[in-house]
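Encoded as structure tokens, the structure appears first; notes follow it.
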Amino acid sequence: MSGSADGDSFRAALREAVLLRDCLALAVVPAVALAVFALPAGVRESLAFAYRDPTVATAYAAHFVHFDAAHLAANVLGYALLAGFGYVLAALAGHRRLFGVAAATYVLAFPFALSGLNLAVPRNAVGYGLSGVNMAFAGLLGLVLVAYAGRRVNERIRTRHAPGAFFAAVAVVSLVALPVDRTTVALAGVSASITAVYAVSVWRTWQSSAAPRREASAGRAGWFDVGVLGAVSFFGYPFVGFPAPTPAAETVVNRYVHLLGFCLGFLVPYVALAAGAFDDTEDF
């Protein structure tokens, strides 16, 4: 098959998989964030989540509040990257319904959950911004990335192998977000060990399965590129979501809520798939 034909095949599949109504639904989140940013500063301050004076309304609204354009732009771009790639990979992998339910859960329910869990760490602070929800989409990206590989690269890769990618990312997060000490190295080591266990499982499945391998993705225009970009986004975003602390910074990145969002964003849809909550689980 020629490269041009492969490119045409990919573009045709992409046009069929990506629906305008889904894109418009995903665009609601940045639209709301932009609308909230247009409100007077005093109104935005009243919508931020004060840990010493929490309310149900601010527990939700705070995740759409931003006080400077740079913070807003970073979060909107992060959302577009993570939700965008996640949606494309999920649609091409046949997991559109899973992505839709997960995305609705992240936007409608996770703000309350993340704000509530924030109260487990008492402090006199104010929380705001879309980054916690973004990290949930980052967690989902790892799941649909593996599902995409199984659907479009080699069917011997199974969705149940996705925790290997998740723990690999946790190892990266532990080294990026935490001070380098024995605890950090231990956490990274445990995560890397679990990743290795899953890698061995993939290898054994690969060797024992008689399933025919799909065409080499490296020779299929578009398919390989999307997978690589998704992988780069998944393993690269921890460097954005967990930046190194800077003493002169006026605000502090809430690594705790970022990690919560990332972990829950992966675990919730993965458990749902494992429990058979969706019809598209034949590749689990």
Those residues that are of a type outside the set (A, V, I, L, M) and either modelled with pLDDT of 75 or more or open to solvent by less than 20 Å² (accessible area, probe 1.4 Å) (or both), I need them from the range 231-252; list them, please.
Ser233, Phe234, Phe235, Gly236, Tyr237, Pro238, Phe239, Gly241, Phe242, Pro243
Gly139 vs. criteria within 22 Å of Val173 (Cα to Cα), in a loop (DSSP other than H, G, I, E, B) and modelled with pLDDT of 90 or more
no
Could you please give the count of residues in the range 109-120 that are out of contact with any Ser or Thr (no Cβ under 9 Å at 6 or more places or on another chain) and surrounded by 18 or more Cβ atoms within 10 Å (Cβ to Cβ)?
5
Regarding the range 66-75, can at least one residue be identified that is touching a Gly at 6+ places or on another chain (Cβ under 7 Å), touching a residue at least 60 places away in the same chain (Cβ under 8 Å), within 23 Å of Ala138 (Cα to Cα) and part of a loop (DSSP other than H, G, I, E, B)?
yes
In the list Arg220, Arg214, Arg255, which residue meets the criterion of being modelled with pLDDT under 65 and either surrounded by 15 or more Cβ atoms within 10 Å (Cβ to Cβ) or closer than 19 Å to Met135 by Cα (or both)?
Arg214
Within the range 7-24, can one find any residue that is open to solvent by 60 Å² or more (accessible area, probe 1.4 Å), in a helix (DSSP H, G or I) and of a type in the set (A, V, I, L, M)?
yes
Any residue in the range 100-108 that is surrounded by fewer than 21 Cβ atoms within 10 Å (Cβ to Cβ) and free of Cβ contacts under 8 Å to residues at least 40 places away in the same chain?
yes
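The values are calculated or read from the model by the stated rules, or taken from the named source; none is laboratory data. The structure presented is a predicted model; accordingly, all values stated were derived computationally and were not measured. Using ideal geometry, Cβ is built from the backbone for each residue, glycine included, and neighbour counts are taken over all protein chains shown. Quick note on the areas: whole protein, heavy atoms, side chains included, nothing else; ligands and nucleic acids left out. Shrake-Rupley method; radii C 1.70, N 1.55, O 1.52, S 1.80 Å.
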